[in-house]
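Structure, as structure tokens:
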Amino acid sequence: MRDGSDAVVRLAKVSRHFGDVAAVDGVDLEVPAGSLTALLGPSGCGKTTTLRMIAGYEHPTAGQIFIDGRDATGLAPEKRNIGMVFQSYALFPHLTVAKNVGFGLKVRGVAREEIRRRAHEALELVGLSELSGRRPRELSGGQQQRVALARAIAIRPSVLLLDEPLSNLDARLRVQMRAELARIQRESGITTILVTHDQEEALQLADQMVILDSGRVAQAGHPRKIFPAPANRFVATFLGYENFLTLPGRGLVTIRPEHVAVLPESGTAPDGGQSRPGTISRITYRGTDSLVTLDVEGDTILAAASDPDLHEGSRVRTFFPDDRVVPLAS
Amino acid sequence: MSRAGRSLRPARERRPVLTVLAVAAYLIMLGPALFVVAVAFTSGSTITFPPEGFSLRWFGAAASYRPFLDGLGTSALVATAATVIALAVGIPATLAVHRGRLPGRAVVQNLFLSPIVLPELVLGLALYQQLMVGLGVTASGVLLIGHTILLLPYAVRVTGASLALADPALEEAARGLGAGPVTTFFRVTLPVLRPGIAAAAVLGFVTSFNNVPLSLLLQGPGTETLPVAMLQYVQTSYDPVVAAVSVVLLLAAVVVAVVAERLVGFNKIFGGIGS
């Protein structure tokens with residue numbers, strides 16, 4: 001049964017209930033061929049359960065999952081042709097790196113020469129071909145991560161599934177691996193779904209960002225579309241917005257600190273925006289500028305300012321330009 | 001013990017008390033065994049210490065004493081068969097308890113562990129009454145069943161410990177890579193469990209081989225195990241033959257320990273039991 005869309009993976013109203021609790025609640029999702037989609041959200045939002053349902057480790061209590069246009073809803077994991085990279089990497093401890101990478105090909109009955117060639121190819125892609133004789137426990141965390149990636153890629157999966165792939169690495173290695181991941185995905189052209197709680201990771205890697213809140217899609221789209229225009233307070237908070245206030249005529253809005261102007265209390269208000277009186281409660285020097293914490297009629301507002309004449313306790317006028325203010329659905 | 005043993009070297013200069021304790025512990029454990037070893041090589045005809053002279057005559061006597069030879073054969077056979085059966089039943093049970101969606105898994109687990117708390121005499125008596133007297137099962141059959149039950153807790157607990165330490169994602173990874181449940185079991189689950197299975201086999205074999213209460217209760221013509229034969233020998237005659245047999249058993253235990261250490265390593269075998 002084909003679903004008639006070009007998406008490599010498509011979820012139609014997929015839900016997963018554990019007893020009375022809906023871990024995933026009516027999720028629709030389309031993952032175009034060759035794209036990298038990031039499932040993003042805080043822990044418990046249902047992103048991992050969604051990924052595990054795509055892999056076949058969990059089964060939806062409602063809805064359908066299509067992979068390569070075929071209904072895969074009830075298929076066992078081994079029938080789906082997916083390449084999963086686990087958070088724990090899950091490398092087989094009793095096998096060498098080469099045998100780990102070749103495992104999927106071996107159980108598919110691929111000839112030994114072909115297995116060796118493709119395992120080598122996959123290890124080369126992740127830059128580890130010289131370690132093929134090692135055991136997993138002899139590798140660093142970053143190397144294990146690459147082996148797990150090579151093992152998943154070696155079977156030429158319809159879709160590569162990455163479950164928090166960078167969360168077990170230290171900060172420096174994480175940034176490095178993030179760039180690696182982007183390169184590998186681009187070079188291999190494999191359709192990829194990435195689960196992460198790190199919005200930076202998603203912003204940097206994803207063609208499509210799907211933000212989940214309590215099992216539902218809060219917002220989906222290209223990072224460049226979502227980041228400047230979060231749909232609601234949850235998404236805005238998750239993306240790091242901290243200023244929330246209600247403006248007359250605009251309702252609940254958010255605005256980035258660098259777009260809030262801090263002006264002298266006296267003087268005329270500029271056009272093209274709304275101004276509100278406020279008091280500076282704290283100034284944190286950051287080098288290029290200072291982060292100014294303001295009390296604006298009861299709302300706490302952060303502004304980035306470089307004016308050296310601002311002092312804690314001063315009364316000022318805050319200005320919110322119309323074209324910078326992001327209205328939120330409440 | 002292992003902790004005291006490990007700290008012996010630095011203790012030499014810094015911890016005299018610990019060293020003394022460790023040496024005392026070794027002496028208390030090994031002393032009686034050394035006494036038996038010495039007696040076995042006596043040329044006298046009674047168990048006396050210090051032994052009179054040196055000879056291997058008691059080893060010769062033990063080797064030509066029919067009940068001991070038969071007992072050794074029976075013990076080896078029962079221990080091997082019981083270990084194999086206990087593992088064949090225990091490993092799937094462990095997998096079901098740890099990995100399956102088994103209703104009442106705690107009950108199942110406790111059921112498999114219960115022989116460890118059940119007095120062996122009660123178990124033996126029950127088996128004797130129900131199987132041998134009631135159902136007419138042969139003595140060797142009941143002996144094998146009894147020993148298998150005795151070993152089940154080891155098979156379940158020890159393999160369970162190594163299963164609990166293994167990443168459950170390993171099996172999921174294998175499935176995702178295209179391996180069906182059966183292939184996954186033989187290519188991933190079983191190899192990952194190998195140290196646990198080896199440990200359970202060693203423990204099980206030794207437990208069965210050394211067992212007295214069950215073997216005593218379930219003995220019949222031709223099913224006397226070596227410990228039972230030794231016990232019966234000691235009841236009637238008190239000469240160094242039994243000491244000689246004991247030395248052979250001690251040697252066998254050392255060999256098993258060394259082989260197990262070489263094959264998988266003691267840390268791996270016993271490291272996971274407590275968890």
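Any residue in segment B:5-13 that is surrounded by 15 or more Cβ atoms within 10 Å (Cβ to Cβ), of a type outside the set (Asp, Glu), farther than 17 Å from B:VAL247 by Cβ and modelled with pLDDT under 75?
The answer is yes; a qualifying residue exists.
Which residue pairs have Cβ atoms under 8 Å apart, sit 6 or more places apart or on different chains, and have a first residue in segment A:267-281 that is in contact (Cβ under 8 Å) with a residue 24 or more places away in the chain and among the hydrophobic types (A, V, I, L, M, F, W, C) and a second that is part of a loop (DSSP other than H, G, I, E, B) and surrounded by 13 or more Cβ atoms within 10 Å (Cβ to Cβ)?
A:ILE280/A:LEU310; A:ILE280/A:SER314
Here is a list: A:ASP163, A:ASP198, A:ASP213. Which entry is among the acidic types (Asp, Glu), under 28 Å from A:ASP25 (Cα atoms) and in contact with a Ser or Thr (Cβ under 7 Å, 6 or more places away or on another chain)? If you could, list the steps in order and put the result at the bottom.
On the way: A:ASP198 fails: in contact with a Ser or Thr (Cβ under 7 Å, 6 or more places away or on another chain); A:ASP213 fails: in contact with a Ser or Thr (Cβ under 7 Å, 6 or more places away or on another chain).
After ruling out the rest, the residue left standing is A:ASP163.
Give the residue, chosen from B:PRO67, B:PRO119, B:PRO115, B:PRO92, that is in the same structural domain as B:THR148 (by TED's automatic domain parsing) and over 20 Å from B:ASN211 (Cα atoms).
Sole residue among the options that is in the same structural domain as B:THR148 (by TED's automatic domain parsing) and over 20 Å from B:ASN211 (Cα atoms): B:PRO92.
Quick one: which of B:GLY176, B:GLY180 is within 26 Å of A:GLY83 (Cβ to Cβ), within 14 Å of chain A (Cβ to nearest Cβ) and touching a strand residue (DSSP E or B) at 6+ places or on another chain (Cβ under 7 Å)?
Going through B:GLY176, B:GLY180 in turn, just one is within 26 Å of A:GLY83 (Cβ to Cβ), within 14 Å of chain A (Cβ to nearest Cβ) and touching a strand residue (DSSP E or B) at 6+ places or on another chain (Cβ under 7 Å): B:GLY176.
Restricting the search to segment A:96-125, which residues are at the interface with chain B (Cβ under 8 Å from one of its Cβ atoms) and either more than 21 Å from B:ASP167 (Cβ to Cβ) or out of contact with any strand residue (DSSP E or B) (no Cβ under 9 Å at 6 or more places or on another chain) (or both)?
Listed by number, the residues that qualify are A:PHE103, A:VAL107, A:ARG108.
Please verify whether B:THR138 is more than 14 Å from chain A (Cβ to nearest Cβ) and within 30 Å of A:TYR57 (Cα to Cα), treating the condition exactly as stated.
Numbers: more than 14 Å from chain A (Cβ to nearest Cβ): yes; within 30 Å of A:TYR57 (Cα to Cα): no.
Considered against the rule, which asks whether it is more than 14 Å from chain A (Cβ to nearest Cβ) and within 30 Å of A:TYR57 (Cα to Cα), B:THR138 comes out as no.
Return the residues of segment A:35-93 that are hydroxyl-bearing (Ser, Thr, Tyr) and more than 9 Å from chain B (Cβ to nearest Cβ); say none if nothing qualifies.
Answer for segment A:35-93, where residues must be hydroxyl-bearing (Ser, Thr, Tyr) and more than 9 Å from chain B (Cβ to nearest Cβ): A:SER35, A:THR37, A:SER43, A:THR48, A:THR49, A:THR50, A:THR61, A:THR73.
Quick one: which of B:ALA86, B:ALA82 is surrounded by 18 or more Cβ atoms within 10 Å (Cβ to Cβ), under 15 Å from B:GLY160 (Cα atoms), touching a His at 6+ places or on another chain (Cβ under 9 Å) and assigned by TED's automatic domain parsing to the domain that holds B:VAL256?
B:ALA86
In segment A:140-170, how many are aliphatic (A, V, I, L, M), part of a loop (DSSP other than H, G, I, E, B) and in contact with a strand residue (DSSP E or B) (Cβ under 8 Å, 6 or more places away or on another chain)? Talk me through it step by step, then tell me what you get.
Start the filter on segment A:140-170 by keeping residues that are aliphatic (A, V, I, L, M), which leaves A:147-150, A:152-155, A:159-162, A:166, A:169.
Still in the running and part of a loop (DSSP other than H, G, I, E, B): A:155, A:166, A:169.
Narrowing the set further to residues that are in contact with a strand residue (DSSP E or B) (Cβ under 8 Å, 6 or more places away or on another chain) leaves A:155, A:166.
Here the count works out to 2.
Out of A:VAL85, A:VAL110, report the one residue that is without any contact (Cβ under 8 Å) to a residue 40 or more places away in the chain and under 21 Å from B:VAL188 (Cα atoms). Walk me through it before giving the result.
Working: A:VAL85 fails: without any contact (Cβ under 8 Å) to a residue 40 or more places away in the chain.
Only one candidate passes the filter, namely A:VAL110.
Conditions (1) under 30 Å from A:GLY104 (Cα atoms); (2) more than 11 Å from chain A (Cβ to nearest Cβ); (3) at pLDDT below 90, marked per residue:
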| residue | (1), (2), (3) |
| --- | --- |
| B:ARG157 | no, yes, yes |
| B:SER162 | yes, yes, yes |
| B:VAL188 | yes, no, no |
| B:ARG194 | yes, no, yes |
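The values are calculated or read from the model by the stated rules, or taken from the named source; none is laboratory data. Model, not experiment: these values are computed from the prediction. Here Cβ is always computed from backbone atoms with ideal geometry, including for glycine, and neighbour counts include all displayed protein chains.
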